[in-house]
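Asker: Take a look at the following structure, please.
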């Protein structure tokens, strides 16, 4: 039971971080290819990240945040898309 709770928590966190990245990317008028060039992260990996794939490495999330000049403190100001 505890493992299921942790897995659900991890998945929610991954989806939240992914939504933050997608929202910030769109707000900045960037497409995935442009963010890929800025961050050095492959387009497929960025797609997995934005879709909440929890197998993405923390260092990859950090690179995306850096490219978007995004911090966790910014989360209160980001409007999440409903798609």
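The values are calculated or read from the model by the stated rules, or taken from the named source; none is laboratory data. Please read these numbers as outputs of a predicted model, since none were measured by experiment. Here the Cβ positions follow ideal geometry from the backbone for every residue, glycine too, while neighbour counts run over all protein chains shown.
Asker: I'd like the residue in the stretch 61-71 that is touching a residue at least 12 places away in the same chain (Cβ under 8 Å) and more than 9 Å from the chain's Cα centre (by Cα) and, out of all such residues, is nearest to residue 26 (Cα to Cα).
Answerer: To start, the set of residues in the stretch 61-71 that are touching a residue at least 12 places away in the same chain (Cβ under 8 Å) comprises 61, 63-68, 70.
With the extra rule that they be more than 9 Å from the chain's Cα centre (by Cα), the set shrinks to 63, 66-68, 70.
Numbers: 63: 17, 66: 15, 67: 13, 68: 10, 70: 13 Å.
Of everything passing the filter in the stretch 61-71, 68 is nearest to residue 26 (Cα to Cα).
Asker: Could you grab me the full set of residues in the stretch 64-79 that are at pLDDT below 65, surrounded by 12 or more Cβ atoms within 10 Å (Cβ to Cβ) and assigned to a loop (DSSP other than H, G, I, E, B)? Step through it out loud before you land on a result.
Answerer: As a first pass, look at the stretch 64-79 and keep what is at pLDDT below 65: 75-79.
Filter once more, keeping what is surrounded by 12 or more Cβ atoms within 10 Å (Cβ to Cβ): 75, 78.
If the condition is that a residue be at pLDDT below 65, surrounded by 12 or more Cβ atoms within 10 Å (Cβ to Cβ) and assigned to a loop (DSSP other than H, G, I, E, B), then 78 is the only one that fits.
Asker: Looking for something at pLDDT below 90, part of a helix (DSSP H, G or I), surrounded by 16 or more Cβ atoms within 10 Å (Cβ to Cβ) and under 12 Å from the mean Cα position of the chain (by Cα) - is there at least one such residue anywhere in the stretch 41-53?
Answerer: First, the residues of the stretch 41-53 that are at pLDDT below 90: 53.
Pick out the ones that are also part of a helix (DSSP H, G or I) and you get none.
Among the residues of the stretch 41-53, not one is at pLDDT below 90, part of a helix (DSSP H, G or I), surrounded by 16 or more Cβ atoms within 10 Å (Cβ to Cβ) and under 12 Å from the mean Cα position of the chain (by Cα), which makes the answer no.
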